[in-house]
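Bear in mind these aren't lab numbers, they're just calculated from the coordinates by the rules spelled out. Please read all numbers here as calculations on a predicted model, not as lab measurements. Cβ coordinates were reconstructed from backbone atoms using ideal geometry, including for glycine residues, and neighbour counts include every protein chain displayed.
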Amino acid sequence: MVQIAWLRCPDCDGKFYVEKPQLGKDANWFCPFCKRTVKESEVNEIV
Amino acid sequence: MASDLRSYISQLEEVLPQQYVVIEKEIDSRFEITALLRRLEKADKFPSVLFENVKAINGQSGKRVFTNVTADRRRIALALGLDPDKWRSELTAEFARRAEKLIEPVTVSRAEAPVKQVVKVGAGADLQDLPIIYHHEMDGNPYGTLLVLTKKPENIGYNLAYHRTMYKSPQQTGIHMSPFHSWKTFTDNEKKGLPTPVAIVHGHHPAFILAGVFMSPWPWDEYKVAGAFLGEPVRLVPSETWGEDLLVPADAEVIIEGEILPGVREPEGPFGEWSGYYGPQRQNPVIQVKAITHRQDYIWYDTDIGHLDHPGIGWEAEIYRRVNDVLPGSVRGVFCPYSGREGFHAYISIEKLSEGLPAIAASAAQTVGYPKLIVVVDDDIDPYDEREVLFSIATRFQADKDLTVLKNVRGSMLDPSMSRLTTHTSTFIDATKPIDEPFPLRVQVPQAALEKVKLEDYIPRERVDEIPYTSY
């Protein structure tokens, strides 16, 4: 499998995925549903 | 008059009117265009569609969008000026043939360039004015799905490439580049701390657009390739931002000029990709928009990515060209079928003159794009008919001697099955008959009997039409 990780937006609860090897740097991510920019440390769930 | 999107649409209306639909009713660029295309797809219908009244990102109505152009190969044949019925090997071979006769572009004045009818620079260049399409549910934002042109270093020429560009703000887009030519230009500039000038081309004659999927060797100027496909010189005009240092196509519908910023990475994606899956969100480069120029009544050209409207024929034609280079005169056809997303599978039909030639053909094909399954068949097998290809595998292939597995080959980052980020495992199936030992003949009815017995002499046409189509 391509390495992905699911994130859950803390605002709208929307789930989307990002490239897993890019995690761990507390980068900003972007919720495609509510458009909030969210820090990795703020996300509710990483699967 | 120069070839452009309008000349192509006129030709489509005249030659293939059944394949062209105009929709006047208002529709939103946010999911509604792709929802309508899915309805058509469900009914096995794949026309080109011109939407006459589309809402832009800012909600303004009345924008025009043309999409789904390459979802039927007959329309691609038309773009090259071929008889639309010649969509099989004739079309593939024509692309390859034209790529051998590159045509120099010409430069025209701004006054002669339709794409300069409206010029917006600085704060006036606002992406929200455009009907950029929201394609799939989990897409990060509206996406441009067309050509991004860059100038290669040391003036060796221009590169045209399909790249997804994600709307971020009125003057910024994200961009995803696989590690090919645009990526090379960008990273070379980035190492020097320099921005990379780009122009995003939304709308031109489809033959021009197809140059963006043709896998030209690095030194080629792809404006010359586009000219070869168009059959005439591409007309270029100085850009607003860089003047003659970055020439843009004069007959385009919309040009977005911008710079890929060095040292900047921001989240981009997810995006529903040609593989049929969402590519994950990544930290990707950002384009700062500098200018937008367009025709007064522009038509926004969109690719319905993730579906049949994926112009994989560019890869197919380059496979044909490279296999033909190593086996001149032996190639009967090359097909990259939709089942393999027009890029993962390649079926190659050759006249097998000696053992070993199928492996030569497969090796040449391996250098183009990301083929994971390469099947070489004899010249009595139609590579454009998957049932024939599978028949050949079923009856001419034994895995212990005819299967080759090649590990750690460059793959597509968009292939969800890859275990590593950029490499996959490629499989080559030699489904040809041996030529050094006897092999059974395929069943057939005598040709004389076929010529004598006509269907209509025995079964009325209406009765034939009533019989259900069997597709398996």
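Assorted remarks:
- Calculated [222 nm] ellipticity per residue, helices only, for chain B: -7000 deg cm²/dmol; basis is -39500 (n - 2.57) per DSSP H run with n ≥ 4, divided by all residues, nearest 500.
- Paramagnetic label zone (point 7 Å from Cα along Cα-to-C-beta, residue B:404; backbone N under 17 Å) in region B:298-321: B:319-320
- In the protein assembly as shown, taking the dipole from charged Cβ atoms about the Cα centre, the farthest positive-side position among B:412, B:277, B:122 is held by B:122.
- Positive end of the dipole of the protein assembly as shown (Cβ unit charges, origin at the Cα centre): among B:397, B:161, A:7, the Cα lying farthest that way belongs to A:7.
- Positive contributions from Lys and Arg (+1) and negative ones from Asp and Glu (-1), summed over other residues with Cβ under 12 Å from the Cβ of residue A:43, come out at -2.
- Distance between region B:186-202 and region B:128-146 - C-alpha centres, whole angstrom: 22 Å
- Charged-residue dipole, Cβ positions (Lys, Arg, Asp, Glu), region B:77-296 about Cα centre, Debye nearest 20: 280 debye
- Whole-angstrom gap from region B:347-362 to region B:398-472, using each part's C-alpha centre: 16 Å
- Net length gained if the chain between residue B:61 and residue B:137 were fully extended (0.36 nm per residue, minus Cα distance): 25.1 nm
- Given A:15/A:39; B:45/B:454; B:191/B:224; B:25/B:55, the pairs whose alpha carbons are separated by over 22 Å: B:45/B:454; B:191/B:224
- Look at the stretch A:16-23: the mean tally of other chain Cβ atoms within 10 Å of its residues' Cβ atoms is 5.
- For the pair chain A and region B:207-274, the centres of their Cα atoms are 32 angstrom apart.
- Debye, to nearest 20: dipole size of chain B, +1 on Lys, Arg Cβ, -1 on Asp, Glu Cβ: 940 debye
- Scanning the protein assembly as shown for cysteines with no neighbouring cysteine C-beta under 4.7 angstrom from their C-beta gives B:336.
- Other residues whose C-beta falls under 11 angstrom from the C-beta of residue A:21 contribute a net charge of +3, scoring Lys and Arg +1 and Asp and Glu -1.
- Test item: Cα-centred dipole of the protein assembly as shown, Lys/Arg +1 and Asp/Glu -1 on Cβ, debye: 1020 debye
- Percent of Cα pairs exceeding the 22 Å cut-off, where the set is region B:1-77: 27 percent
- Dipole orientation for the protein assembly as shown: of the candidates B:267, B:424, B:84, B:267 has the Cα lying most toward the positive pole (charges on Cβ; Lys, Arg +1; Asp, Glu -1).
- Local electrostatic count, residue B:266, Cβ distance below 12 Å [Lys/Arg +1, Asp/Glu -1]: +2
- As a length-normalised measure over Cα pairs under 8 Å and 6 or more apart, the relative contact order of region B:77-296 settles at 29 percent.
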